[in-house]
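All remarks here apply to the structure that follows.
The values are calculated or read from the model by the stated rules, or taken from the named source; none is laboratory data. Since the structure is predicted, the reported quantities are computational estimates derived from the model, not experimental observations. For neighbour counting, all protein chains shown are included, and Cβ atoms are generated from backbone atoms with ideal geometry for every residue, glycine included. We work out accessible area using only protein heavy atoms, side chains counted, and drop any ligands, DNA or RNA first. Shrake-Rupley method; radii C 1.70, N 1.55, O 1.52, S 1.80 Å.
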Amino acid sequence: MQLLIALFCGVLFGLGLLVSQMANPDKVLSFLDISGHWDPSLLLVMASALFVYIPGYFLLVKRREKPLVAEGFSLPQKQQIDKPLLLGAVVFGAGWGLAGICPGPAMVNLSGGDVKIFAFIAFMLAGMWCSGLISRWKP
């Protein structure tokens, strides 16, 4: 049952990315270009996501002690902002700003067969691998 729910949520998320054009790097780059030809339409996508999420959170998540189909909620254990978090945010933001795409939309775009997306995924996986090496390294 959990796999079916995960599949449904993944397909719904992917369709949302396609319909909202969040999987279109040119659209994202136009949104990030605040000094040129700024396209604010993705702001509506983000606001709409919050409009759906916030009531759902308070009605379905906050009132429960455990999820419907899992043993417990998977919440982060770390509560502080530290160097690895800040560095990761900077690297993620720089990659998103340069390429106009982040991991979720990249996975959606794999179906298009664009070589640039395969290169993006390869470099993303290499970055994840390097991150794992760095986090285990103790000088």
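Exactly one residue out of 75, 68, 60, 44 is modelled with pLDDT under 85, among the hydrophobic types (A, V, I, L, M, F, W, C) and over 20 Å from residue 8 (Cα atoms): that is 75. Within region 118-134, is there a residue that is of a type in the set (S, T, N, Q) and over 23 Å from residue 9 (Cα atoms)? Looking through region 118-134, at least one residue is of a type in the set (S, T, N, Q) and over 23 Å from residue 9 (Cα atoms).
Considering 132, 36, which residue is under 28 Å from residue 3 (Cα atoms) and either open to solvent by less than 100 Å² (accessible area, probe 1.4 Å) or modelled with pLDDT of 90 or more (or both)? If you could, list the steps in order and put the result at the bottom.
On the way: 36 fails: under 28 Å from residue 3 (Cα atoms).
Answer to the selection: 132.
When we screen 13, 31, 58, 73 for residues that are aromatic (Phe, Trp, Tyr), loosely packed, with under 11 Cβ neighbours inside 10 Å and not in a loop (DSSP other than H, G, I, E, B), the only hit is 58. Residues in region 76-113 that are assigned to a loop (DSSP other than H, G, I, E, B) and open to solvent by 100 Å² or more (accessible area, probe 1.4 Å) were compared, and the one that is nearest to residue 3 (Cα to Cα) is 77.
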